[in-house]
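In what follows, a structure is listed as structure tokens, so that the remarks can point back to it.
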Amino acid sequence: MSTRPRRGWLRWAALVALLGTALLAKGYWNATRDPIVRKASVEVASWPVGQPPLTILLLSDTHVAGPDMPPRRLARIVADLNRLRPDLVLVAGDLVSEKRAATHIYTAAEAVAPLARLRAPLGVVVAPGNHDHWFAPDALRSELEQQGLRVLQNEAVRLGPLIVGGVDDDYSGHDDVPATLAAMDRLGPGVPLLLTHSPDIVPSVPRPVAAIFAGHTHCGQIRFPLVGAISYVSRYGDRFACGDIHDGDQRVFVGAGLGTSILPLRYRTPPDVWLVTIGPKARAG
């Protein structure tokens, strides 16, 4: 019996294994890249006279877990983001990950510690995500508050000229948009913003706010040419998939996130953050 057919099969098997390994390595490299800083601006007709524009940094889905997002990597990213000198930092949930492919699961204290190094004059505001609720919501909130970060769960806070409402996670059924809007209204006039983990709350917001900031979708995380993303984990498909979105009269920003879910891989969806300048409407002419 000739050994040539077997040798040919072995060569093809080795080639497939090599290509598979290269593909996995590329996906892991993509997942561990430094985040892209995407920039946008929002004009507000009712911006307070004499108030200078503010910069808002949106980050989401840190998903602290091994191998791709140990606390030391997040701490390095935070140090880089502080150089952007934002006025306010919004964190759109999923601070942790318990993905099956994780090589290490960190404690709530370990996951929160790097975020405590974020610096902004108006502070840091966090809205929980589904993984936070599945992990240890009380422990995470306690750690965040001990470190001086503000957690909003269907609550609101006034920060300078801004009224920031934080909607708790929609995906795990903890959201209450009416309660959040009522809390914002009780704070009086101001420029309204909403922070939420999942952008699926957008159709439930009865009146436009200046902007809604979200994460959760990872912009698909794994997107194939022609086929597109495996899933955006949204009941609206790709309506709120990624980026700077104009949904009717509502402006929505959906970040790709910093970490990963399920697998420590990314394809065609690099990690990112958004730096949004919000201020007065430009004068015509």
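The values are calculated or read from the model by the stated rules, or taken from the named source; none is laboratory data. Predicted model only: the values in this text are computed from it and were never measured. Heads up, the Cβs are rebuilt from the backbone with ideal geometry, glycines too, and the neighbour counts pull from every protein chain shown.
Structure above, values below:
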| read-out | value |
| --- | --- |
| Scope the range 239-248; condition within 12 Å of the chain's Cα centre (by Cα) and in a strand (DSSP E or B); matching residues | 243 |
| Selected residue (criterion: farthest from residue 173 (Cα to Cα)) from residues of the range 222-267 that are touching a residue at least 60 places away in the same chain (Cβ under 8 Å) and among the basic types (Lys, Arg) | 266 |
| Subset of the range 257-272 [of a type in the set (Ser, Thr, Tyr) and within 17 Å of residue 66 (Cβ to Cβ)] | 260, 261 |
| Residue check for residue 144: in a strand (DSSP E or B), within 28 Å of residue 263 (Cα to Cα) and touching a strand residue (DSSP E or B) at 6+ places or on another chain (Cβ under 9 Å) | no |
| Residue that is farther than 24 Å from residue 106 by Cα, in a loop (DSSP other than H, G, I, E, B), of a type in the set (Lys, Arg) and at pLDDT 95 or above, where the choices are 251, 283, 235 | 235 |
| Flag for residue 42 being under 14 Å from the mean Cα position of the chain (by Cα), closer than 28 Å to residue 130 by Cβ and either at pLDDT 95 or above or surrounded by fewer than 14 Cβ atoms within 10 Å (Cβ to Cβ) (or both) | no |
| Residues that are assigned to a strand (DSSP E or B) and either of a type in the set (Gly, Ala, Ser) or over 19 Å from residue 213 (Cα atoms) (or both), drawn from the range 45-73 | 64, 65, 66, 69 |
| Residue within the range 182-192 that is out of contact with any Leu (no Cβ under 8 Å at 6 or more places or on another chain) and either modelled with pLDDT under 95 or among the acidic types (Asp, Glu) (or both) present | yes |
| Of the criteria (1) buried (at least 22 other Cβ atoms within 10 Å of the Cβ); (2) in a strand (DSSP E or B), which one residue 180 fails | (2) |
| Flag if residue 76 is among the basic types (Lys, Arg), surrounded by fewer than 22 Cβ atoms within 10 Å (Cβ to Cβ) and in a helix (DSSP H, G or I) | yes |
| Selection status of residue 208, in contact with a strand residue (DSSP E or B) (Cβ under 9 Å, 6 or more places away or on another chain) and surrounded by fewer than 23 Cβ atoms within 10 Å (Cβ to Cβ) | yes |
| Counted residues, the range 1-39 - those being outside any helix (DSSP H, G or I) and modelled with pLDDT of 90 or more | 8 |
| Residue match in the range 124-136 (condition: among the small types (Gly, Ala, Ser), at pLDDT below 95, over 20 Å from residue 243 (Cα atoms) and outside any helix (DSSP H, G or I)) | yes |
| Some residue of the range 111-121 being under 19 Å from the mean Cα position of the chain (by Cα), closer than 21 Å to residue 34 by Cβ and of a type in the set (Lys, Arg) | yes |
| Residue in the range 81-99 that is modelled with the lowest pLDDT, counting only those that are in a loop (DSSP other than H, G, I, E, B) and farther than 23 Å from residue 154 by Cα | 99 |
| The range 100-117: number of residues that are in a loop (DSSP other than H, G, I, E, B) and out of contact with any Leu (no Cβ under 7 Å at 6 or more places or on another chain) | 6 |
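Listed here are the residues, each with its yes/no results for (1) under 25 Å from residue 163 (Cβ atoms); (2) touching a Phe, Trp or Tyr at 6+ places or on another chain (Cβ under 7 Å); (3) surrounded by 21 or more Cβ atoms within 10 Å (Cβ to Cβ).
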{"site": "199", "(1), (2), (3)": "yes, yes, yes"}
{"site": "226", "(1), (2), (3)": "no, no, no"}
{"site": "229", "(1), (2), (3)": "no, no, yes"}
{"site": "260", "(1), (2), (3)": "no, no, yes"}
